[in-house]
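Since the structure comes first, as structure tokens, the remarks are kept for the end.
FYI, it's all coordinate maths here, none of it is from the lab. Quick caveat, the model's predicted, so the values are computed rather than measured. Glycine also receives a Cβ, built like all others from the backbone with ideal geometry; neighbour counts cover every protein chain displayed.
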2 protein chains.
Amino acid sequence: MLELGEIPESHPRRASLLARKKLVEASDAGLLADSAMIAHGRGEAFDYLLGEMTSDSASRAIKHASKMLVSAKSPVISVNGNTVVLAGKELIRLAAVVGCPIEVNLYYRTSERVSGLIGVLEDLKSEVLSEEAPEGFNEDWFSSVSSVEILGDEEDGRIEGLEGPRSICSSNGIESSDVILVPLEDGDRCEALVSLGKKVIAIDLNPLSRTARAATVTIVDEVLRASKKLVSDALLIDEDVHDWDNEAALREALEIMGSAMSRV
Amino acid sequence: MLELGEIPESHPRRASLLARKKLVEASDAGLLADSAMIAHGRGEAFDYLLGEMTSDSASRAIKHASKMLVSAKSPVISVNGNTVVLAGKELIRLAAVVGCPIEVNLYYRTSERVSGLIGVLEDLKSEVLSEEAPEGFNEDWFSSVSSVEILGDEEDGRIEGLEGPRSICSSNGIESSDVILVPLEDGDRCEALVSLGKKVIAIDLNPLSRTARAATVTIVDEVLRASKKLVSDALLIDEDVHDWDNEAALREALEIMGSAMSRV
């Protein structure tokens, strides 16, 4: 394993090592729950079996999910600590393209972490404001990014079916949404959101997790790779949304991971 | 995910959640490197694909490894932070049965962590002293446990082929050993030890890792389960050591993980 401080540009696993470095720093800054690093490690293992690239099956899930987001009435992107650290900037770009808010919503909720992560997202939003619009985006980028709301500390909504701090959400975010993109979500909460009739798009590297199985559309891919592709796909003008067979997509992901044995 | 504080006795994944809890506590106590939790998470994912149980293939590797340890001239058990936290007590029992030292040897070496982990092992050794001998052990348990040396702060040996702090070891431990049990080892170091002509037994849940591929015998199993079985197998009087096909064992592990897809 490389020291996290110095990762050569040429290293074949640079993206993975950089992600790890960012998480260690965020953990030291108190932005992550105890189990966040372990959860990331689980993801690393599944991504390793995927060959650390977006499969054709995941590409189809991303395309489908992007159509769901752009055609939704009240879409929202719900983020936790790992998601903000790994893909916060790309998800602000996605929110600007889709025209939806981002809600910081934590399973192990503390007000310190919620406000810390909102701060990180506000900083990232300032950076995105001064960057170029993604290719194919024809509206005013500055005003689209400016109008991305960062929600999470309102605590004025509830997720029915959950107890205690885990049920807290924003009324203008998750509570009133019809389509939710929730990368790296917990299984309980994914099931609760689905049972409220919401369409849930999960990004989860474990095709066997409860989240992966409960979601309407599961993108079995690393969150940063998937988020980048969601931005570009959301800008494509093409076909309608078709039916989606999520179980088939999970099987495909598992078959790819299973075939990793031929790499020995 | 459950809160780490309260894990019901009946929980189907109690062992996994307890392991996680112990690691979080050790990390808070400064005993683990930054990347330790991530490494554990990777292991969790592979163990999940194994069905969280010791496979027949891993059982054979454990039996073979136990014979190598008892028939070695100078065996040693090399441990890092995660190993001490997850299986320290079982490995002291194994060292007492085999009659070998345990060496704390860290890839990201700091003298604080080395002495902290030696302290943890000394405490566990006191506990093991007052416990019953494993079934089939016919010598004096108290004196066998008492004579287990905990090495690691001597710094009087070197692993040739490695640079800087990573090359430091104990002359009475790793340096003079012919057979080394190294659970959760780094790839670089595993390769260096093998190229010095030592027989290396790795315990690694990732059958694709460099460590798994470089080791003489790779036990693809969770470290606590494997350590318990190493103790009981080391006490069996049976067949000679046969040839070992490590690549075949790795293929078997991958096939089991690959077949996890049928669980969806």
**Fill in**
Net charge (Lys, Arg +1; Asp, Glu -1) of residues whose beta-carbon lies under 11 Å from that of B:Glu252, B:Glu252 excluded, is -2
**Request:** State, as an integer percentage, the relative contact order of chain B based on alpha-carbon contacts under 8 Å between residues 6 or more apart.
**Result:** 23
**Asked** If we count other beta carbons within 10 Å of each Cβ, what is the order of B:Tyr108, B:Tyr48, fewest first?
**Response** B:Tyr108, B:Tyr48
**Asked** Using 11 Å as the cut-off for backbone N distance, which residues of the range A:97-127 belong to the label zone defined by a point 7 Å from the Cα of A:Glu154 along Cα→Cβ?
**Response** A:101-103
**Asked** What is the dipole size for the range A:19-173, taken about its Cα centre, with +1 at each Lys and Arg Cβ and -1 at each Asp and Glu Cβ, in debye to the nearest 20?
**Response** 520
**Prompt:** If you add up the charges near B:Thr211, with Lys and Arg at +1 and Asp and Glu at -1, over every other residue whose beta carbon is less than 11 angstrom from its beta carbon, what do you get?
**Reply:** -2
**Prompt:** Taking the range B:193-255, which GluC sites (Glu not before Pro) meet the DSSP loop condition and have no more than 13 other C-beta atoms within 10 Å?
**Reply:** B:Glu239
**Complete:** Net charge near B:Thr54 (other residues with Cβ under 12 Å of its Cβ; Lys, Arg +1; Asp, Glu -1) is -1
**Prompt:** Using θ = phi - 60° and the Karplus curve 6.51 cos²θ - 1.76 cosθ + 1.60, what whole-Hz ³J(HN,Hα) does each residue of the range A:209-220 get, with Gly and Pro shown as x?
**Reply:** 6, 4, 4, 4, 7, 7, 5, 5, 10, 10, 9, 8
**Item:** Per-residue Cβ neighbour rank within 10 angstrom, fewest leading, B:Thr83, B:Thr110
**Value:** B:Thr110, B:Thr83
**Prompt:** Using just the C-alpha positions of the range B:56-263 as equal point scatterers, what log10 of I(q)/I(0) does the Debye formula give at each q in 0.11, 0.17 1/Å?
**Reply:** -0.48, -1.15
**Message:** Taking 0.36 nm per residue of sequence separation and subtracting the Cα-Cα distance, how much length would be gained by fully extending the chain between B:Ser143 and B:Glu163, in nm to one decimal?
**Reply:** 3.4 nm
**Request:** Sort B:Ser27, B:Ser176, B:Ser143, B:Ser55 so the one with the fewest other Cβ atoms within 10 Å of its own Cβ comes first.
**Result:** B:Ser143, B:Ser176, B:Ser55, B:Ser27
**Residues B:Asp178 and A:Glu255, FRET efficiency given R0 of 41 Å [Cβ-Cβ distance, rounded to 0.05]** = 0.45
**Message:** With +1 on the Cβ of every Lys and Arg and -1 on the Cβ of every Asp and Glu, and nothing else charged, how large is the dipole of the range A:56-263 about its Cα centre, in debye rounded to the nearest 20?
**Reply:** 480
**Message:** In whole Hz and in residue order, list the ³J(HN,Hα) couplings for the range A:61-69 that follow from phi through the Karplus curve 6.51 cos²θ - 1.76 cosθ + 1.60, θ = phi - 60°; x for Gly and Pro.
**Reply:** 5, 5, 4, 4, 5, 5, 5, 4, 5
**Fill in**
So B:Ser59 and B:Asp243, fully extended at 0.36 nm per residue minus their Cα-Cα distance, gain in nm 64.7 nm
**Item:** Helix-only mean residue ellipticity at 222 nm for chain A, each DSSP H run of n ≥ 4 adding -39500 (n - 2.57), per residue, nearest 500
**Value:** -15000 deg cm²/dmol
**Message:** Longer than 31 Å from Cα to Cα, which of A:Lys21/B:Lys229; A:Lys89/A:Lys199; A:Lys125/A:Lys198; A:Lys21/A:Lys199; B:Lys199/B:Lys229 are they? Say none if no pair is.
**Reply:** A:Lys21/B:Lys229; A:Lys21/A:Lys199
**Request:** With a Förster radius of 35 Å, plug the Cβ-Cβ distance of B:Ser111 and A:Arg14 into 1/(1 + (r/R0)^6) and report the FRET value to the nearest 0.05.
**Result:** 0.70
**Complete:** Between the alpha carbon centres of the range A:149-206 and the range B:201-252 the gap in Å comes to 44
